[in-house]
Amino acid sequence: MEDPGQYLAMMRQTAPLVHNITNYVAMNVMANVLLAAGASPAMIHAREEAAEFAGIAQALSVNIGTVSPPWAEAMEAAATVAGEKDVPWVLDPVAVGATGYRRALGARLLALRPTVIRGNASEILALAGAVSAGKGVDAGESVETAENAARALARHGGAVVAVTGAVDFVTDGTRAVRIANGDAMMPRVTALGCSLTGVVAAFAAGQSPFEATVAALAYYGLAGERAGAASEGPGTFQPAFLDALHAIDPAALNAGARIELA
Ligand SMILES: Nc1ncnc2c1ncn2[C@@H]1O[C@H](COP(=O)(O)OP(=O)(O)OP(=O)(O)O)[C@@H](O)[C@H]1O
Ligand SMILES: Cc1ncsc1CCO
Ligand SMILES: [Mg+2]
């Protein structure tokens, strides 16, 4: 992709209102990540209002990390409205293969046709119906193992599918790229994947989902590289990562993005 920076520029210009139904662990981290990136987050999960709010947001992210039945109801209602009103929505199927409850909810959310699905390899494999070795919320497989599952999921559901890990993989079922940005410290800090899903939603607001997803992943990975260079471990990585998300501009993204056709 020639100019991922343009998708960052447009996202910042729009400063989209991103509605997130996420988990207790990610709530604060994700809001700070979205603010640092230049978007406007709102964490709203009550079933009494989630659908209404999805209709006024510019993008929606749905994350099943600490889901329980009232939240699941809110997720399904919000995703339904997003579909009706052409609000792009991104599914983060946290630990979807771990329990029957999650598998069933994952299948129901998949049927509501997310614009983008973003997960680690184990989650994408599980969502695609394959056997998965996920360890709770962490990945148990490499990204390469999940590439065919990602392609099948994209073709079946019409979604852009992003598998993240050491090297990220993104496909719309026809096109596919790998993004080699990132830092080994990123999986050692909780909720960075969840927060990335919100950033993908922000980039997808009013922009072509495949290109927006690729640009968001390169931007996020580049911020991880900068934070890794500026920190000493998981503790100091977190503030350095927020600073890097804020500091990276479109020119820096174009210079640092490592995107290749797959
Ligand atoms: N080993 C690694 N080296 C470089 N970057 C990585 C590595 N593992 C993950 N990343 C990056 O970390 C970010 C989050 O992806 P990851 O796959 O860890 O999400 P996740 O498993 O859903 O995380 P969580 O559920 O804890 O929020 C992505 O930008 C990804 O590229
Ligand atoms: C640790 C954890 N447990 C449920 S959700 C979550 C955040 C990372 O996925
Ligand atoms: Mg995750």
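Can you tell me which of Ser61, Ser40, Ser68 is more than 19 Å from the chain's Cα centre (by Cα) and small (Gly, Ala, Ser)?
Every option except Ser68 fails the conditions.
Within the set of pairs 6+ apart or on separate chains, which have a first residue in the range 183-194 that is on the phi < 0 side of the Ramachandran plot and in contact (Cβ under 8 Å) with a residue 24 or more places away in the chain, a second that is acidic (Asp, Glu) and away from ligand 2 (no atom under 12 Å from the Cβ), and C-beta atoms under 8 Å apart? Filtered contacts from the range 183-194: Asp183/Glu225. Looking at Ala46, Ala72, Ala79, just one residue is out of contact with any strand residue (DSSP E or B) (no Cβ under 6 Å at 6 or more places or on another chain), in a helix (DSSP H, G or I), away from ligand 3 (no atom under 16 Å from the Cβ) and of a type in the set (A, V, I, L, M, F, W, C), and that residue is Ala72.
From the set of residues in the range 40-72 that are of a type in the set (S, T, N, Q) and in contact (Cβ under 8 Å) with a residue 40 or more places away in the chain, which is surrounded by the most Cβ atoms within 10 Å (Cβ to Cβ)? Give the steps one after another, and end with the answer.
Kept after step one, since they are of a type in the set (S, T, N, Q), are these residues of the range 40-72: 40, 58, 61, 63, 66, 68.
Next cut, in contact (Cβ under 8 Å) with a residue 40 or more places away in the chain only: 58, 61, 63, 66.
Details: Gln58: 19, Ser61: 34, Asn63: 29, Thr66: 15.
Selected residue: Ser61.
If you go through the range 92-150 and pick out every residue that is over 18 Å from the mean Cα position of the chain (by Cα) and polar (S, T, N, Q), you end up with 4. Across the range 174-195, what is the number of residues that are in a helix (DSSP H, G or I) and buried (at least 21 other Cβ atoms within 10 Å of the Cβ)? Qualifying residue count for the region: 5. Filtering the range 211-223 down to residues that are closer than 13 Å to Val167 by Cα and not hydrophobic (A, V, I, L, M, F, W, C), which residue is surrounded by the fewest Cβ atoms within 10 Å (Cβ to Cβ)? Among those residues, the one meeting the criterion is Gly221. When Phe210, Phe241 are checked against the criterion of being over 21 Å from Ala139 (Cβ atoms) and touching a Lys or Arg at 6+ places or on another chain (Cβ under 9 Å), a single residue qualifies: Phe210.
Close contacts from the range 214-235, counting a first residue that is closer than 14 Å to Ala184 by Cβ and a second that is among the aromatic types (Phe, Trp, Tyr) and surrounded by 24 or more Cβ atoms within 10 Å (Cβ to Cβ), with Cβ to Cβ under 6 Å and a gap of 6+ residues or different chains, come to Ala227/Phe241.
Rule-based calculations on the coordinates, nothing more; no lab input. In this text, all values refer to a predicted model and were calculated from it rather than measured experimentally. Neighbour counts run over all protein chains shown; Cβ positions are idealised from the backbone, glycine included.
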